[in-house]
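Undergrad: My questions all concern the structure below.
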There are 2 protein chains.
Amino acid sequence: MKLHHHPISGHAHRVRLLLGLLGVKHELIEVDLSKGAHKSPAFLALNPFGQIPVLEDGDIVISDSNAIMVYLAKKTGATDWLPETPEGAARVQRWLSVAAGQIAFGPGAARLVTLFGAPFNADEVIERAHAILRLIEDHLKNQNWLASDHPTIADIALYSYVARAPEGNVDLSPYDKVQDWLSRIEALPGFVPFMHAPAELLASA
Amino acid sequence: MKLHHHPISGHAHRVRLLLGLLGVKHELIEVDLSKGAHKSPAFLALNPFGQIPVLEDGDIVISDSNAIMVYLAKKTGATDWLPETPEGAARVQRWLSVAAGQIAFGPGAARLVTLFGAPFNADEVIERAHAILRLIEDHLKNQNWLASDHPTIADIALYSYVARAPEGNVDLSPYDKVQDWLSRIEALPGFVPFMHAPAELLASA
């Protein structure tokens, strides 16, 4: 398998993290976002959305980080990471929606503002980040993992942007349970760290 | 099964639509959003996010419209609506992410501005709506349905907010293929219409 990625992307990191946890061998292809390689004709032929990550598995090309995680879990038969029962699958899906929604447009967007000057309203996306973090904190008062009594792709989908939320000026210190949950993910065998943004990138925003 | 819903919610409509297409008998419970019933202790006990829709199937309670659709497809064995193969499931998931992301924060948000004066930047969310509509239009140049050669829950997830995008001042007239696709969904046996917003609601914004 080949993963088109960039080390600073949380969407790409969540896939790298799952590949590590599943122990799936893969080749990394770095897409030079700074040169607009994700908008090149060759890349748009792989993913018309012009976004990383993209997974190539032989002739099969999958884009969207949640979709790639579903593909990997099913392809490897990892039903612990993505249950096949109606209730189990729905409990995971609930958080994949959060990852694509409130997380991408909350802490994810807040980090894009500080790293790349993305044209989001910083106050709005930081407020949205805290709103979802409060809900996650409450949820984790009763359980160690988001969607089950063990880790699933729901946890992996949320990890990257929650872990690096402070880079978008989203303070995690009020969220003890969230911090404990991040530590539990980081202690999993095969964990792949997510780089911290370079200081000069944060300083230039 | 009981579905907690409101007739003006696109997130609730997509579930009602799938229930109709699958022919699943259910009881509708209208949540009085105007009186804040979705923030009542009783409702928050069902869904701490304080959002409709919520499905109750005996003791099982599922919230998040995408999650409910996954639950219903799996519970009824509707593998045509949600394929179980790695590639088939991933192709559907890709659009569930779009529904929870660019659609909710694009045409969905634009409609919340006109209907309820929601504090989104109207220009930003309308621009985001057109960006995703252009991608959907291009995608539908090569196929009739979003994720397969037949309808899946991917199509149902996107239908409601795309169909009512004009209520948020998102003009659909440039998107011929999108309009054809909406018509194909509306022609499916068991289709459940999504109400148009009352004129007085649109006029008051």
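The values are calculated or read from the model by the stated rules, or taken from the named source; none is laboratory data. Values in this document were obtained by computation on a predicted structure and should not be read as measured data. Positions of Cβ are backbone-derived with ideal geometry, glycine not excepted, and every protein chain shown enters the neighbour counts. Just so you know, the surface numbers come from the protein's heavy atoms only, side chains and all, with ligands and any DNA or RNA stripped out. Shrake-Rupley method; radii C 1.70, N 1.55, O 1.52, S 1.80 Å.
Undergrad: Specify the residue that is surrounded by the fewest Cβ atoms within 10 Å (Cβ to Cβ); the eligible residues are those in the stretch A:99-120 that are over 19 Å from residue A:171 (Cα atoms) and within 10 Å of another protein chain (Cβ to nearest Cβ).
TA: A:119
Undergrad: Out of all the residues in the stretch A:24-40, which are open to solvent by 60 Å² or more (accessible area, probe 1.4 Å) and away from chain B (no Cβ under 14 Å)?
TA: A:25, A:26, A:27, A:28, A:30, A:34, A:35
Undergrad: Of the conditions (1) open to solvent by 10 Å² or more (accessible area, probe 1.4 Å); (2) under 18 Å from the mean Cα position of the chain (by Cα); (3) among the polar types (S, T, N, Q), residue A:143 fails just one. Which one is it?
TA: Failing condition for residue A:143: (2).
Undergrad: In the stretch A:173-205, which residues are open to solvent by 20 Å² or more (accessible area, probe 1.4 Å), under 15 Å from residue A:134 (Cα atoms) and touching a residue at least 12 places away in the same chain (Cβ under 8 Å)?
TA: If the condition is that a residue be open to solvent by 20 Å² or more (accessible area, probe 1.4 Å), under 15 Å from residue A:134 (Cα atoms) and touching a residue at least 12 places away in the same chain (Cβ under 8 Å), then A:174, A:176, A:177, A:180 are the ones that fit.
Undergrad: To continue, here is another question. Could you run through the stretch B:161-170 and say how many residues are at negative phi and open to solvent by 80 Å² or more (accessible area, probe 1.4 Å)?
TA: 0
Undergrad: A further question follows. Residue A:173 versus (1) more than 24 Å from residue A:142 (Cβ to Cβ); (2) part of a loop (DSSP other than H, G, I, E, B); (3) among the small types (Gly, Ala, Ser): which is the lone unmet condition?
TA: Looking at each condition in turn, residue A:173 falls short on (1).
Undergrad: Shifting gears a bit: Being touching a strand residue (DSSP E or B) at 6+ places or on another chain (Cβ under 9 Å) and either at the interface with chain A (Cβ under 9 Å from one of its Cβ atoms) or in contact (Cβ under 8 Å) with a residue 24 or more places away in the chain (or both) is the filter here, so list the residues in the stretch B:48-63 that pass it.
TA: B:48, B:49, B:51, B:52, B:53, B:54, B:55, B:56, B:57, B:62, B:63, listed by residue number.
Undergrad: Can you confirm whether residue A:117 is outside the structural domain of residue A:24 (by TED's automatic domain parsing) and out of contact with any Leu (no Cβ under 8 Å at 6 or more places or on another chain)?
TA: yes
Undergrad: Filter the stretch A:121-167 down to residues that are among the acidic types (Asp, Glu) and within 14 Å of chain B (Cβ to nearest Cβ), then give me how many there are.
TA: So the count comes out to 5.
Undergrad: Could you say whether any residue in the stretch B:73-85 is of a type outside the set (Phe, Trp, Tyr), buried (at least 24 other Cβ atoms within 10 Å of the Cβ), more than 19 Å from residue A:82 (Cα to Cα) and more than 9 Å from chain A (Cβ to nearest Cβ)?
TA: No - not one qualifying residue is present in the stretch B:73-85.
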